[in-house]
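Participant: Shown below is the structure under consideration.
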């Protein structure tokens, strides 16, 4: 459950938490008809247990869909940080171990730019089955050039974008909530989901977690929930990224834009409570300096006293890890259909848009497929796949298949034009437009977004 990176929002969260009382209402369903729960409501034993039961039930119904001949379905992580900033808590060896454990094939690193260090001088190899590709989160982008762009780092944005994207370089617009109107000219694509954005939208949930860490009884309950339902706790904040998808749909009318998921993982949400004296403690994370930890008093949180008894001043009395890389990788990933697990093949596939985003904690999305067909249904001819562009012609139909049953939705230019229940959707292509598919799963009594496929661009004849 990441928190905003800058110190001031975190300070505000902790201060508000000292007098916080939980409670939130059911929010309206968008776009499906079942109720949707707030992140705070999802962080209850009842809701977490219900979600886990749904995940297990869906796993039992999962279909194994064959990967098309000549392709590999590779689970990739974009926007991943390790050993790259003072607010990053994880290491690259730790990231590698958790990637192996989570079944991740490729990690696109996003080191923060720290001159004079060149962010391209990092892991760029495959080891123990995981391929690492260098890059940086800088200037509002995820930059993955082919070679160093240090001379262009301070150049005007258009020149910087051109330098990064030269050859097989890739550059994605990052953190859209901070720049929703930014030009996509020259970009490979954009983040269509960002885990950190969900956290920024859920201040109530962050306050609730902070409050639980300063009361013995509430802490014990939270620790038990994290032990029993680790994925559900971290994913409780995940919401439909309407702002991101609106820009993707709108700008895709005139540009080819590959959508990727931003894990924005640092392994820095390891919360600590440090004793000051018998009446006071300081609360924060492992990446906060002592002076930035927020003071908490027994006079405000009476349940704090029990946590402090028997500990020496300066001792860490509570330590709770909410976002190990393994859990962050399961929360969301980007599947890429590539010819091989090599950097050239991955770059080619990503730039082509042969990808889909999935919240893997709900279920394994491997094998999902989506394309356009023509000809008789009994002997269809393949016309286009995710990321492809073609000119509109009559007789085209979209065919999507999901390994998990749910609600399969077809959107044209951001508007739902067809929907089906189950594992499959077949729908007529009614005219030019940007066609993309989403899959929603029923999890714990609510419909939650699970998968976003990259679009197929059906252009008007010139």
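The values are calculated or read from the model by the stated rules, or taken from the named source; none is laboratory data. Here the structure is a predicted model, which is why all the values come from computation and not from measurement. Positions of Cβ are backbone-derived with ideal geometry, glycine not excepted, and every protein chain shown enters the neighbour counts.
Participant: Just to be sure, is residue 372 in contact (Cβ under 8 Å) with a residue 40 or more places away in the chain and within 30 Å of residue 132 (Cα to Cα)? Walk me through it before giving the result.
Facilitator: On the way: in contact (Cβ under 8 Å) with a residue 40 or more places away in the chain: yes; within 30 Å of residue 132 (Cα to Cα): no.
So residue 372 fails the test.
Participant: Kindly evaluate residue 157 against the criterion of being within 17 Å of residue 264 (Cα to Cα) and modelled with pLDDT of 95 or more. Walk me through it before giving the result.
Facilitator: Working: within 17 Å of residue 264 (Cα to Cα): no; modelled with pLDDT of 95 or more: yes.
Criteria not met by residue 157.
Participant: Answer yes or no: is there a residue in region 379-393 that is in the same structural domain as residue 421 (by TED's automatic domain parsing) and out of contact with any strand residue (DSSP E or B) (no Cβ under 9 Å at 6 or more places or on another chain).
Facilitator: yes
Participant: How many residues are without any contact (Cβ under 8 Å) to a residue 40 or more places away in the chain and within 16 Å of residue 102 (Cβ to Cβ) when one looks only at region 304-353?
Facilitator: Selection size over region 304-353: 0.
Participant: Return yes when residue 53 is part of a helix (DSSP H, G or I), surrounded by fewer than 16 Cβ atoms within 10 Å (Cβ to Cβ), in the same structural domain as residue 222 (by TED's automatic domain parsing) and touching a residue at least 60 places away in the same chain (Cβ under 8 Å) and no when it is not. Even if it seems obvious, please write down each step before you answer.
Facilitator: On the way: part of a helix (DSSP H, G or I): yes; surrounded by fewer than 16 Cβ atoms within 10 Å (Cβ to Cβ): yes; in the same structural domain as residue 222 (by TED's automatic domain parsing): yes; touching a residue at least 60 places away in the same chain (Cβ under 8 Å): yes.
The answer is yes for residue 53.
Participant: Still on this structure: Tell me, yes or no, whether region 448-462 has at least one residue that is at pLDDT 95 or above, in a strand (DSSP E or B) and more than 22 Å from residue 193 (Cα to Cα).
Facilitator: yes
Participant: Assess whether residue 431 counts as being assigned to a loop (DSSP other than H, G, I, E, B) and surrounded by 20 or more Cβ atoms within 10 Å (Cβ to Cβ).
Facilitator: no
Participant: Right, here's the next one. Taking the condition more than 30 Å from residue 187 (Cβ to Cβ) and in contact with a strand residue (DSSP E or B) (Cβ under 6 Å, 6 or more places away or on another chain), does residue 273 pass? Don't jump to the end; show me each part of the working.
Facilitator: Working: more than 30 Å from residue 187 (Cβ to Cβ): yes; in contact with a strand residue (DSSP E or B) (Cβ under 6 Å, 6 or more places away or on another chain): yes.
Yes: the conditions hold for residue 273.
Participant: I've got another one for you. List the pairs whose first member sits in region 111-132 and is farther than 19 Å from residue 164 by Cβ, whose second member is in a loop (DSSP other than H, G, I, E, B), and whose Cβ atoms are under 6 Å apart, counting only residues at least 6 apart or on separate chains?
Facilitator: 131/341
Participant: So, one more: Hey, any hits in region 270-284 for a residue that's at pLDDT below 95 and closer than 30 Å to residue 415 by Cβ?
Facilitator: no
Participant: Exactly one condition in (1) surrounded by 24 or more Cβ atoms within 10 Å (Cβ to Cβ); (2) closer than 15 Å to residue 108 by Cα is not met by residue 341; state its number.
Facilitator: (1)
Participant: Something else now. So is residue 81 within 19 Å of the chain's Cα centre (by Cα) and surrounded by 17 or more Cβ atoms within 10 Å (Cβ to Cβ) or not?
Facilitator: Criteria met by residue 81.
Participant: Does residue 246 qualify as being modelled with pLDDT of 95 or more, surrounded by fewer than 23 Cβ atoms within 10 Å (Cβ to Cβ) and out of contact with any helix residue (DSSP H, G or I) (no Cβ under 8 Å at 6 or more places or on another chain)? Break it down into steps so the answer makes sense when it comes.
Facilitator: Details: modelled with pLDDT of 95 or more: yes; surrounded by fewer than 23 Cβ atoms within 10 Å (Cβ to Cβ): yes; out of contact with any helix residue (DSSP H, G or I) (no Cβ under 8 Å at 6 or more places or on another chain): yes.
When the stated conditions are applied, residue 246 passes them.
Participant: Further, regarding this structure: Quick one: which helices (runs of 4 or more DSSP H) lie wholly within region 292-385 and hold at least 1 residues that are at pLDDT 95 or above and farther than 30 Å from residue 190 by Cα?
Facilitator: The qualifying helices (runs of 4 or more DSSP H) are 304-308.
Participant: Here are some conditions: (1) crowded, with 21+ Cβ neighbours inside 10 Å; (2) without any contact (Cβ under 8 Å) to a residue 12 or more places away in the chain. Residue 241 meets all but one. Which one does it not meet?
Facilitator: The number of the failed condition is (2).
Participant: Quick check, is residue 97 modelled with pLDDT of 95 or more, in a helix (DSSP H, G or I) and on the phi < 0 side of the Ramachandran plot? Break it down into steps so the answer makes sense when it comes.
Facilitator: Details: modelled with pLDDT of 95 or more: yes; in a helix (DSSP H, G or I): yes; on the phi < 0 side of the Ramachandran plot: yes.
For residue 97, the condition - modelled with pLDDT of 95 or more, in a helix (DSSP H, G or I) and on the phi < 0 side of the Ramachandran plot - is met.
Participant: Pick from 264, 277, 251, 292: which is surrounded by fewer than 21 Cβ atoms within 10 Å (Cβ to Cβ) and assigned by TED's automatic domain parsing to the domain that holds residue 77? Steps first, answer last, please.
Facilitator: On the way: 264 fails: surrounded by fewer than 21 Cβ atoms within 10 Å (Cβ to Cβ); 277 fails: assigned by TED's automatic domain parsing to the domain that holds residue 77; 292 fails: assigned by TED's automatic domain parsing to the domain that holds residue 77.
Sole residue among the options that is surrounded by fewer than 21 Cβ atoms within 10 Å (Cβ to Cβ) and assigned by TED's automatic domain parsing to the domain that holds residue 77: 251.
Participant: Quick one: residue 78 ticks every box in (1) part of a loop (DSSP other than H, G, I, E, B); (2) within 23 Å of residue 360 (Cα to Cα) bar one, so which box is it?
Facilitator: It fails just one condition, (1).
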